[in-house]
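Step one of this worksheet: look at the structure below.
The values are calculated or read from the model by the stated rules, or taken from the named source; none is laboratory data. Predicted model, so just to flag it, every value in this text is computed and none were measured. Using ideal geometry, Cβ is built from the backbone for each residue, glycine included, and neighbour counts are taken over all protein chains shown.
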Amino acid sequence: MSPEEFLDTNPVVRYLVRDDPDLAARATALIESERRLLLCVVTVAEIGFVLASTYRVERALVVDALIDLLKGAIQVMGNWL
């Protein structure tokens with residue numbers, strides 16, 4: 001079993017927005033791999049904020065994108081601080 005790896009905001013945004021073909025391809029390879037990937041709840045919130053504020057994605061589409069992403073193999077970890 002592979003170790004768990006935390007994802008940062010940037011690769012997830014690149015995966016969803018695909019505004020840079022090279023970075024999007026790298027993000028896709030990572031996110032769609034067999035790796036055990038984790039997202040912190042704060043990172044999920046940051047992804048939503050970036051999509052809505054920087055990319056001007058409608059709120060409903062942001063929610064749909066995050067739900068679709070989290071239906072995959074990515075797990076969300078709570079804030080344990």
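Which numbered condition trips up Val44, out of (1) at pLDDT 90 or above; (2) within 14 Å of the chain's Cα centre (by Cα); (3) aliphatic (A, V, I, L, M); (4) not in a helix (DSSP H, G or I)?
Condition not satisfied by Val44: (4).
Go through (1) under 17 Å from Glu4 (Cβ atoms); (2) surrounded by 12 or more Cβ atoms within 10 Å (Cβ to Cβ); (3) not hydrophobic (A, V, I, L, M, F, W, C) and name the single condition Glu46 misses.
Status for Glu46: all satisfied but (1).
What number of residues in region 49-70 are part of a helix (DSSP H, G or I), at pLDDT 95 or above and surrounded by fewer than 17 Cβ atoms within 10 Å (Cβ to Cβ)?
8
Against the definition (farther than 15 Å from Tyr15 by Cα and among the hydroxyl-bearing types (Ser, Thr, Tyr)), how does Ser33 come out, yes or no?
Spelling it out, it is not the case that Ser33 is farther than 15 Å from Tyr15 by Cα and among the hydroxyl-bearing types (Ser, Thr, Tyr).
Applying the selection to region 20-41, what residues are exposed (fewer than 13 other Cβ atoms within 10 Å of the Cβ) and modelled with pLDDT under 95?
If the condition is that a residue be exposed (fewer than 13 other Cβ atoms within 10 Å of the Cβ) and modelled with pLDDT under 95, then Glu32, Ser33, Glu34, Val41 are the ones that fit.
Within 8 Å of the chain's Cα centre (by Cα) and of a type in the set (D, E, K, R): is that true of Asp8 in this structure?
On the way: within 8 Å of the chain's Cα centre (by Cα): yes; of a type in the set (D, E, K, R): yes.
So Asp8 fits the description; yes.
May I ask you to list pairs of residues, at least six apart or on different chains, whose Cβ atoms are under 7 Å apart, with the first in region 33-52 being in contact (Cβ under 8 Å) with a residue 40 or more places away in the chain and the second being not in a strand (DSSP E or B)?
Val50/Thr9; Val50/Val13
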